[in-house]
Amino acid sequence: MDKPLNRPIQQTLNDFSFIGQDNVRVMDEVYEEDSFWKQLVKRIAKNKGSVFGFVTITLIIFMALVGPMISGYEFDEQIAGHESMAPRIPVMENFGIFDGSETLKTSTGELVVNKYETIEGGEDAYHWFGTDVLGRDLFTRTWVGTRISLYIALVAVIVDVFIGMSYGMISGYYGGKVDNAMQRSVEVLNGIPNLVVVTLLIIVLKPGLMSITLAIAITGWIGMSRVSRASMLKLKESEYVLAARTMGAKDMTIMYKEILPNIFSQLLIMSMFSIPNAIFTEAFLAFVGIGIPVPMASLGSLISENFKSLTTHFYMIVPPVLVLALLMLSFNLLADGLRDALDPTMKEV
Amino acid sequence: MKNLSKKSLWLSGAASLLLLSACDTEATDEVDESVEAEAPAETDEQVLNVQLNVEVASMDPQIATDGTSFEVIANTIEGLYQTDSDGQAVPALVESAEKGEDGLSYTFKLREDATWSNGEPVTAHDFVYAWRRLADPDTGSEYSYIMGIAGLVNANEVLAGEKAPEELGVQASDDYTLDVQLANPVPYFESLMSFIPFFPLNEDFMTEVGDSYGTSPETLLANGAYEVSSYEPAATTIELDKNEEYYDADNVVLDGVDYQVIKDSQQAMLSYQNGDLDLVTLAGEQVDLFKDDPEFVNVQAGYLWYISPNTLVEGLENANLRKALATSFDKQQITDTILKDGSVPADYIIPDGLAVGPDGKDFRETSDTYLEYDPEGAKESLEAAKSELGQDSFTFGLLVEDTESAINVAQVLKSQIESNLDGVTIEIEQMPKKTRLERMKQADYDLGLTRWGPDYADPMTYADLWVTDGNNNDGAWSNADYDELVYSSIDGELSLDDEARWEALKEAESILLNDAGVLPVYQKGNAVMVQDNVSGIDFHAVGLPRVYKFAVKE
Amino acid sequence: MKKYILKRVGMSVVTLLVIVLVLFVLMQLLPGSPFNDERLSIEQQQVLMSKYGLNDSAPVQFFRYVRNMLTGDFGKSYTISKDTDVALLLQNRLPTSLLLGGLSILLGSVAGLFLGVAAALKHNSLLDSAATFFSVIGVSIPSYVFALGLSYFFGFQLSWLPMLYNADDGLRAFALPAVALSMTVMATVARFTRTEMIEVLNSDYMQLVESKGVSGVHLIFKHALRNASISIITILGPLVVSLMTGSLVVEKIFSIPGIGQLMVQAIQSNDYNVILALAFVYSALYIFVMLAVDILYGVLDPRIRLAKEDAHG
């Protein structure tokens, strides 16, 4: 599996090598003891990247649930006087980092300021990620925002799997008139720029989480349907499908039992890609000013909000960008692991 | 197998790198050339580089409505008057003005040396044409109502389509004499004449270019300090050259003005620091970095931001509740920690620096302030309101436009109102401006954060907003005494007596604010950076924000 | 094949018409009006509405619009550039956007293909991880953060490239915006190429080709990449259109007179004709790309071509 291209040589060597008793016993154990899921877990666990991805996602979900509760601040609490404070973390401050000081590159020279020392009661205040321009704790906001973004990720995957995958498979499988009609409808829907549909839709409805969900649901699955249709086209003529059909398998069985397992990995990766797309759609809406209604936050809206202070208070945009990037990286790595574990063609290697 | 993949990898990599590096070398070569080529050229020519926040919407003086369009138009076209550095109207195309004894007529003698950039002289007919065009309902000018404000005979009838535009009270008795008849005295008539919608246009030229007026340098005419040399609709760069035919060209030092539309304020600031721009507007946080810079300038703008309460909504018809809301937020904190751009708390509705009265003093100097931040008083008013209404909790939506500053201000308002007033909940609803306007026009709102910019230098530009059934009185606040004072000041008895009128307007403001008919928040300021080798730019709060006629770049 | 293509083109025209109809309906639902500014009285608003024929019934407006559109008349802009022909706006702005989009697609696909092929050949190696990391960064950081970062380092600190768009700079003016915009393309193409290439490289027929003695560049490009490209092309189509979202942001930051910005402005200010015209242009572009993709499909994969010819006669 590590060096796929070396396989033929290895196999040749194996053919001629002596098969000991030990090898046979091990093979037996695998089939006797492990269920499908156990195998799956084992296979995923073998891939370091996917383990990292899984752990990070778990950690991020955990922080999204717990983070806002342990900071001691509310996500929409504006503390007068605490505007634009740099991060300050206990213990670490003693090493001269994250001690709440920041360097302002003013046009008249660099200026090191530490708001914690100048404001009343600042000595005892800790904002682990700093505060935004309205004096709200960014640690709390980042994790509250992560919740919304995770929710949107979930919506995206569900929509992809339930609508996109099925739509594409049905369209590809039946072909002919059905395919034609279904593809023409998609073309109309997809032909209208996503941006226009989403923006128009949200302005027509009231801006809010429900409208954003709906907007993503309406447009998010098209890419997936295209890929699953293409895969279906590739596979439906293959011998094993023909074989299944000859043996009297129903269309649904062929589609979901025979073909789906073979293309699921590819589709899964595609659906992982729809996560950043969905999250960015939301971030884009925030950028245009019709995203999650304030004072609520999402990672996307936090990025566009704090983007406005990028050249003045750089630290504000770092936490949401970092969490978002980590989340994306983890989803991708996990998707890779899943693919390797699920893909029947890869199993042989 | 291994060797193979390495080789092919290298090859495919090399192919892509080749492509990339091809772009690179081309780019870097060009950089060097242009740096050398441009540098000396810039020192020879004095061109002012100015940042705009938004594209020009129209170059047509009778159609344009926004500050940006006004600024570019005013650089190329001159009217009867212009605004000097103190904000006073001074003659431009007018050589002498004669005011009738009753204040009901004006005779303007125009200077005879003014010409359009196509060589035609600027005549009184150009004004008559432009004014009729402004008043004609078919033109669809948003500012046509200002003809009624100027008080011209038959203006309102022409606007309503009841009379032909030719019946408007303006005629050219000869090429250089403009006669104007007013229906009632208008104390600020001359200052109004420096406002863009009253600027002239050449009828022959307009007929020639037709609908394509203002779509390219060829379809534009100039009679002012500069002429357009590069322009297209919704352009992001606009170039103006000095107009050599301008009658006062000797006093214009700059060789031209280049506008660049940059919507992202951080990018604008970087370009400024790079030296690409001479004048930029700062936003919020950037002020922290530049406020000690000698090039930093704070300019007062006329815009007044306020909350309009919809008095048709249950609860908001109660004056005590409105008062509680109006006094429960700390305006100083909003201007100092959120806006930072020189905006000031507004405890009034007629902005500071808007208008000078018959006593020679600014309106605000001699009038009171109202609805100051007072959390204790707000709580008392709220208690009174609660017992009057028999209700303990209130939830109001707050309509906000989707701009950065408006959203931030709304969030602070929400936070402060909710913490100072027990039982009051504010729900922010953000939306595009057009949607907000529609909702407010339909009275489908509770509270709306909105603004009004002055059209002319008189308190009336604000006072007439809140008369009963007024076009922009979305909240339907109504007070008979207020109506009487305002109507009488427009064209009634009070309009004949400048001093009594001034006092009446002060009284009107006190009636409005003591009843908390609107909830003022702040008066907008602008934080701008001007390179230290640039001087002579005039900033104004009313009408034209910036004038470059006398600007110098060393 | 010819018959098939003709049929597809005809179908595309119908699709476009349906799209215009859908947009028309959506716009009827849009709250607000282009003429509800504070200073316009109700009567004046009515004058303006009837001047532009907005008081007519929706079907009348729709057919008039389609009829005018066929003669190249896209109506007038109501708010963004008052009373200006939308066709003129398009004429000024479209080429810039197309050039920028084209450059970004080119840059992104080349870089993405390179990363993807490299990662697939060195599956599970450090290079693979590095390529994955790059492509993830590409999709994880919003393009505006990236754009401002580029502008800050290359434009401001190093002064290598212009920070603001200026038509006089030629291609140089597009350098930073195109790189910023190409990130998403690169990332998506790289990820997909990698997946596809791994699958193709492991397939039986690749082993057959190998065993026949085909090797090196020929193997990778003629055989492996050609097969992988079928799926890769499917994602390029939608990507072209998704660039619009990115271009809005990049246009705003680099001050480029393109149509991405115009679009959002138009929606927010109820500039119906501008929305319609821009959406139409994008739709036409999209449908053209998809048509090209479908035809390319057939060229690249005989199995699909045959299947299609069966299906469509």
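The values are calculated or read from the model by the stated rules, or taken from the named source; none is laboratory data. Just so we're clear, the structure is a prediction, and the values are computed from it rather than from any experiment. No Cβ is skipped: glycine too gets one built from the backbone with ideal geometry, and neighbour counts run over all protein chains shown. Surface areas here come from the heavy atoms of the whole protein model, side chains and all, with no ligands, DNA or RNA. Shrake-Rupley method; radii C 1.70, N 1.55, O 1.52, S 1.80 Å.
Check every DSSP H run in chain C and write down those whose alpha carbon atoms cover 30 angstrom or more along the long axis and whose mean Kyte-Doolittle hydropathy is 1.6 or greater.
Values: long enough: C:2-29 (41 Å, 1.74); C:86-121 (50 Å, 1.67); C:175-201 (35 Å, 1.07); C:226-254 (39 Å, 1.33); C:272-300 (41 Å, 2.02).
In chain C, the long hydrophobic H runs are C:2-29, C:86-121, C:272-300.
Using alpha-carbon pairs under 8 Å, 6+ residues apart, how would you state the relative contact order of the stretch B:119-171 in percent?
On the way: 54 pairs, mean separation 17.5, N = 53.
Once divided by the residue count of the stretch B:119-171, the mean separation gives 33 percent.
Grab every C-alpha pair in the stretch C:94-257, bin the distances at 5 angstrom width from 0 up to the longest one, and report whole percents.
2, 9, 17, 18, 16, 13, 10, 7, 5, 3, 1, 0
Beyond 53 Å, what percent of the Cα pairs of the protein assembly as shown remain?
29
Tell me, what is the Rg over Rh of chain B, with Rh the Kirkwood radius over Cα pairs?
That ratio is 1.04, to two decimals.
Considering the dipole of the stretch C:94-257 built from charges on the beta carbon (Lys and Arg +1, Asp and Glu -1) around the Cα centre, which of C:220, C:132, C:97 is farthest to its positive end?
Value: C:220.
Just want the answer: with Cβ charges of +1 for Lys and Arg and -1 for Asp and Glu, which residue in C:108, C:4, A:196 is farthest toward the dipole's positive end in the protein assembly as shown?
Farthest towards the positive end: C:4.
Tell me, what is the percent relative contact order of chain C, built from C-alpha pairs under 8 Å that lie six or more residues apart?
Computed value for chain C: 25 percent relative contact order.
Would you tell me the accessible area of residue B:401, worked out with a 1.4 angstrom probe on the heavy atoms of the protein chains, in Å² to the nearest 10?
Surface open to solvent at residue B:401 totals about 10 Å².
Please label the shape of chain C as rounded, prolate or oblate, based on the square roots a ≥ b ≥ c of the eigenvalues of the alpha-carbon gyration tensor (a/c under 1.5 means rounded; beyond that, a/b larger than b/c means prolate, else oblate). Show your work: numbers first, answer last.
Working: a/c = 3.04, a/b = 1.53, b/c = 1.98.
Oblate is the answer for chain C, as a/c is 1.5 or above yet b/c matches or exceeds a/b.
Suppose every Lys and Arg Cβ carries +1 and every Asp and Glu Cβ carries -1, with no other charges. What dipole size does the stretch A:220-270 come out with about its Cα centre, to the nearest 20 debye?
Once rounded to the nearest 20, the dipole reads 120 debye.
Pick from C:220, C:275, C:42: which residue has the top mean-square fluctuation in a GNM of chain C where Cα pairs under 10 Å get a spring?
Greatest mean-square fluctuation among the candidates belongs to C:42.
Please give the per residue volume of the convex hull enclosing the alpha carbon atoms of the stretch B:303-525, rounded to a whole number of Å³. The partial results should precede the final answer.
On the way: hull volume 25.0 nm³, N = 223.
Dividing the Cα hull volume of the stretch B:303-525 by its residue count gives 112 Å³.
Remind me, relative contact order of the stretch B:303-525 in percent, using alpha carbon pairs under 8 angstrom and six or more residues apart?
36
What's the magnitude of the charge dipole for the stretch B:391-433 around its Cα centre, counting Lys and Arg as +1 and Asp and Glu as -1 at the beta-carbon? Answer in Debye, nearest 20.
Roughly 80 debye, rounded to the nearest 20.
At a probe of 1.4 Å, how much accessible area disappears from chains B and A on forming the pair, both sides counted, to the nearest 100 Å²?
Approximately 2600 Å² gets buried when B meets A.
Only Cα pairs within less than 10 Å get springs; with that Gaussian network setup on chain C, which residue of C:209, C:86, C:240 has the largest fluctuation?
Per the Cα network of chain C with a 10 Å cutoff, C:209 tops the list.
How large is the Kirkwood hydrodynamic radius of the stretch C:1-144, counting all unique pairs of alpha carbons, in Å? Present the calculation step by step, with values, prior to reporting the outcome.
Values: mean 1/r = 0.0493 Å⁻¹.
Every distinct Cα pair counted, the radius reaches 20.3 Å.
Please label the shape of the stretch B:67-210 as rounded, prolate or oblate, based on the square roots a ≥ b ≥ c of the eigenvalues of the alpha-carbon gyration tensor (a/c under 1.5 means rounded; beyond that, a/b larger than b/c means prolate, else oblate). Intermediate values should be presented prior to the final figure.
Details: a/c = 1.29, a/b = 1.08, b/c = 1.20.
Because its axes are fairly even, with a/c under 1.5, the stretch B:67-210 counts as rounded.
Using C-alpha positions alone, give me the convex hull volume of the stretch B:440-501 per residue in cubic angstrom.
About 94 Å³ per residue, rounded to a whole number.
Would you calculate the separation in nanometres between label points at residue B:500 and residue A:66, each defined as 7 Å from the Cα along the Cα-to-beta-carbon direction?
According to this spin-label approximation, the distance is 7.8 nm.
Where a Cα-Cα gap under 14 Å defines reach, which aspartates and glutamates qualify for residue A:38, not counting those fewer than 8 residues away within the same chain?
A:29
From other protein chains only, count the Cβ atoms within 10 Å of every residue's Cβ in B:45-56, then give the mean.
Partner-chain Cβ atoms within 10 Å, mean over residues of B:45-56: 1.
Which of rounded, prolate, oblate describes chain A, given a ≥ b ≥ c as roots of the alpha-carbon gyration tensor eigenvalues and a/c under 1.5 marking rounded, otherwise prolate only if a/b is larger than b/c?
Oblate, because a/c is 1.5 or more while a/b does not exceed b/c.
Rounded to the nearest 100 Å², what is the buried accessible area between B and C, both sides summed, probe 1.4 Å?
5600
May I ask you to list, by number, the DSSP H helices of chain A whose Cα span along the axis is at least 24 Å and whose average Kyte-Doolittle hydropathy reaches 1.0 or more?
On the way: long enough: A:48-70 (32 Å, 1.88); A:138-159 (31 Å, 1.53); A:260-288 (40 Å, 1.39); A:318-342 (35 Å, 1.50).
Flagged H segments are A:48-70, A:138-159, A:260-288, A:318-342.
How about the stretch C:128-235: which GluC sites (Glu not before Pro) there lie in a loop by DSSP and see at most 11 other Cβ atoms within 10 Å? Don't skip to the answer; put the middle values down first.
Values: sites: C:196, C:199, C:210; in loops: none.
Nothing satisfies the criteria.
Straight-line reach from residue A:250: which lysines have Cα under 22 Å away, leaving out those fewer than 8 places along the same chain?
Once the sequence-local lysines are set aside, what remains near residue A:250 is A:177, A:234, A:236.
Which residue, C:247, C:57, C:143, has the most motion in a Gaussian network model of chain C that connects Cα atoms within less than 10 Å?
Greatest mean-square fluctuation among the candidates belongs to C:57.
Between residue B:380 and residue B:174, how many nm apart are label points set 7 Å from Cα along the C-beta direction?
For residue B:380 paired with residue B:174, the spin-label model returns 7.0 nm.
Using alpha-carbon positions, what is the distance between the centroids of the stretch B:264-306 and the stretch A:129-143, in Å?
25
Quick check: the distance between the Cα centres of the stretch A:256-328 and the stretch B:138-187, to the nearest angstrom?
Rounded to whole Å, the Cα centres lie 56 Å apart.
Nothing charged except the Cβ atoms of Lys and Arg (+1) and of Asp and Glu (-1): what's the magnitude of the dipole of the stretch B:103-217 about its Cα centre? Round to the nearest 20 debye.
The dipole of the stretch B:103-217 has a size of about 400 debye.
Can you give the mean number of other chain Cβ atoms that lie within 10 Å of the Cβ atoms in peptide C:23-33?
For this peptide, the per-residue mean of nearby foreign Cβ atoms is 5.
Divide the volume of the convex hull of the Cα atoms of the stretch B:390-478 by its number of residues and quote the answer in cubic angstrom per residue.
Per-residue hull volume (Cα only) is 129 Å³.
Counting only residues 5 or more places away or on other chains, whose amide H sits under 5 Å from the amide H of residue A:76 once H atoms are built in the peptide plane?
none
Would you mind telling me the share, in percent, of accessible area of chain B contributed by carbon and sulfur at probe 1.4 angstrom?
45
Excluding same-chain residues fewer than 8 positions from residue C:122, which aspartates and glutamates have a Cα within less than 20 Å of its Cα?
A:2, A:336, A:340, A:343, A:348, C:196, C:199, C:204, C:210
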